[in-house]
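Asker: Provided herewith is a single structure, encoded as structure tokens, for subsequent inquiry.
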Amino acid sequence: MTLLISSTPTFARDIDGKAISAKVLDEVREEVLALAGQQIYPALAVLLVGDDPASHVYVRNKLLRAKEVGIRSLEYRLPETASQAQVLELIAQLNADPTVNGILVQLPLPAPIDEQAVIHAIDPIKDVDGFHRENVGGLVQGIEVLTPCTPSGCMRLLHETCGDDLSGLHAVVIGRSNIVGKPMATLLLQANCSVSVVHSRSVDAPALCRLADIVVAAVGRPALIDASWLKPGAVVIDVGINRITSEFGNRLVGDVDYASARTVASAITPVPGGVGPMTIAYLLKNTLIASRLQRAAQARGQQPEDDLALN
Ligand code: NAD
């Protein structure tokens, strides 16, 4: 598929995250079946600490999707009052358990638990969120590692929309968080895009953004980016999830003003129904990748020393 970026202003088409994530989940389901034929049953452990209602919903959805594709899931709950030592002890147990392939700790963790200490206690080869510094470093160096789920999902949306080859396109990522903006920029760079990162201290963010063929917005500000930020024909990926209250009640909106942006963009993700469903799909893909990396590491570990000497 070749990329066509139109310079004629038209209404953008929607990038259907629900349909594309269903495709990803089908791929996962197929691989799970193939692995079952070899008596391999990948398992994902999900740890939820405390009573945050949104976290409960996210965890429930993750477990539900895992079940739907046949991935074994294990749910661990600790009370709001759990200590950091208790969380670390559970992670140590899961790290040591060879039947557990992926470990996900639902964030945020209740204060005063140190999130970074918890993230870095997870064995990097089981870190299906891809937040461990070893995975972050590997991503930057272009080594195959576990990559954060939301940026991976955004890349898949871009490839489904623009084709396999993104070489030479100018991508602007708005936001520089560790979980979305920075890994997103790295993945786009690996796809041979020219990448700019726009953030809260950028001077004239709209002008920088208007240079972009691809815009990925991960800011957390409702409808910040409108048509005036976009080059005609740009492809827009809206990562933002913002809950707003208006006279029509509560609703979710992205970081992009969808109605305005679609008059200039060529394709755009709606919110909801764009990036959101991709994140869970890539969590489950990561569980399979983790299982494969672990099998490869185990096979290397079991190689007789004579064989290793030949390498
Ligand atoms: P964050 O708060 O960690 O980072 C926001 C970034 O936006 C910062 O780097 C900041 O420099 C930048 N920023 C702030 N104001 C700006 C401005 N006026 N102009 C340009 N840049 C500005 O947020 P995050 O964790 O990266 O999440 C961003 C959004 O994406 C949130 O709405 C979050 O809910 C959503 N999100 C969605 C998913 C998903 O699955 N769809 C996953 C993760 C995050």
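Asker: List the number of the failed condition for residue 184; all other conditions in (1) more than 16 Å from the ligand (Cβ to nearest atom); (2) of a type in the set (A, V, I, L, M, F, W, C); (3) open to solvent by less than 10 Å² (accessible area, probe 1.4 Å) hold.
Answerer: Here residue 184 clears every test but (1).
Asker: Suppose we filter 39, 86 for residues that are without any contact (Cβ under 8 Å) to a residue 24 or more places away in the chain and touching a Leu at 6+ places or on another chain (Cβ under 8 Å); which single one remains?
Answerer: That would be 86, the only listed residue that is without any contact (Cβ under 8 Å) to a residue 24 or more places away in the chain and touching a Leu at 6+ places or on another chain (Cβ under 8 Å).
Asker: Restricting to the stretch 223-233, count the residues that are out of contact with any Ser or Thr (no Cβ under 7 Å at 6 or more places or on another chain) and away from the ligand (no atom under 16 Å from the Cβ).
Answerer: So the answer is 1.
Asker: To continue, here is another question. Just need a number here: residues in the stretch 187-217 that are among the small types (Gly, Ala, Ser) and near the ligand (Cβ under 9 Å from one of its atoms).
Answerer: The total comes to 4.
Asker: I've got another one for you. Consider the stretch 270-295. How many of its residues are open to solvent by 10 Å² or more (accessible area, probe 1.4 Å) and among the hydrophobic types (A, V, I, L, M, F, W, C)?
Answerer: Residues in the stretch 270-295 being open to solvent by 10 Å² or more (accessible area, probe 1.4 Å) and among the hydrophobic types (A, V, I, L, M, F, W, C): 4 in total.
Asker: OK, next. When you look at residue 169, is it more than 26 Å from residue 294 (Cα to Cα), surrounded by 18 or more Cβ atoms within 10 Å (Cβ to Cβ), of a type outside the set (Val, Ile, Thr) and within 16 Å of the chain's Cα centre (by Cα), yes or no?
Answerer: No; evaluated as a whole, the condition is false for this residue.
Asker: Which one of these is open to solvent by less than 70 Å² (accessible area, probe 1.4 Å), near the ligand (Cβ under 9 Å from one of its atoms) and out of contact with any Pro (no Cβ under 9 Å at 6 or more places or on another chain): 220, 254?
Answerer: Checking each option against the conditions leaves just 220.
Asker: For the stretch 257-294, which positions are among the hydrophobic types (A, V, I, L, M, F, W, C) and within 15 Å of the ligand (Cβ to nearest atom)?
Answerer: Across the stretch 257-294, the qualifying residues are 268, 271, 275, 278, 280, 281, 283, 284.
Asker: Let me ask something else about it. Do we find that residue 21 is at pLDDT 95 or above, in contact with a strand residue (DSSP E or B) (Cβ under 7 Å, 6 or more places away or on another chain) and not in a loop (DSSP other than H, G, I, E, B) in this structure?
Answerer: Answer is no for this residue.
Asker: Among the residues of the stretch 193-213, are any open to solvent by 10 Å² or more (accessible area, probe 1.4 Å), closer than 26 Å to residue 118 by Cβ, assigned to a loop (DSSP other than H, G, I, E, B) and among the aliphatic types (A, V, I, L, M)?
Answerer: Within the stretch 193-213, none of the residues are open to solvent by 10 Å² or more (accessible area, probe 1.4 Å), closer than 26 Å to residue 118 by Cβ, assigned to a loop (DSSP other than H, G, I, E, B) and among the aliphatic types (A, V, I, L, M).
Asker: Can you find even one residue in the stretch 242-249 that is open to solvent by less than 70 Å² (accessible area, probe 1.4 Å), free of Cβ contacts under 8 Å to residues at least 24 places away in the same chain, at positive phi and among the small types (Gly, Ala, Ser)?
Answerer: Yes, there is a match, as at least one residue in the stretch 242-249 is open to solvent by less than 70 Å² (accessible area, probe 1.4 Å), free of Cβ contacts under 8 Å to residues at least 24 places away in the same chain, at positive phi and among the small types (Gly, Ala, Ser).
The values are calculated or read from the model by the stated rules, or taken from the named source; none is laboratory data. Treat the numbers as computed from the prediction; the structure is a model and nothing was measured. Cβ sites come from the backbone with ideal geometry, for glycine too, and all protein chains shown count toward neighbours. Heavy atoms of the whole protein, side chains included, go into the accessibility calculation; ligands, DNA and RNA do not. Shrake-Rupley method; radii C 1.70, N 1.55, O 1.52, S 1.80 Å.
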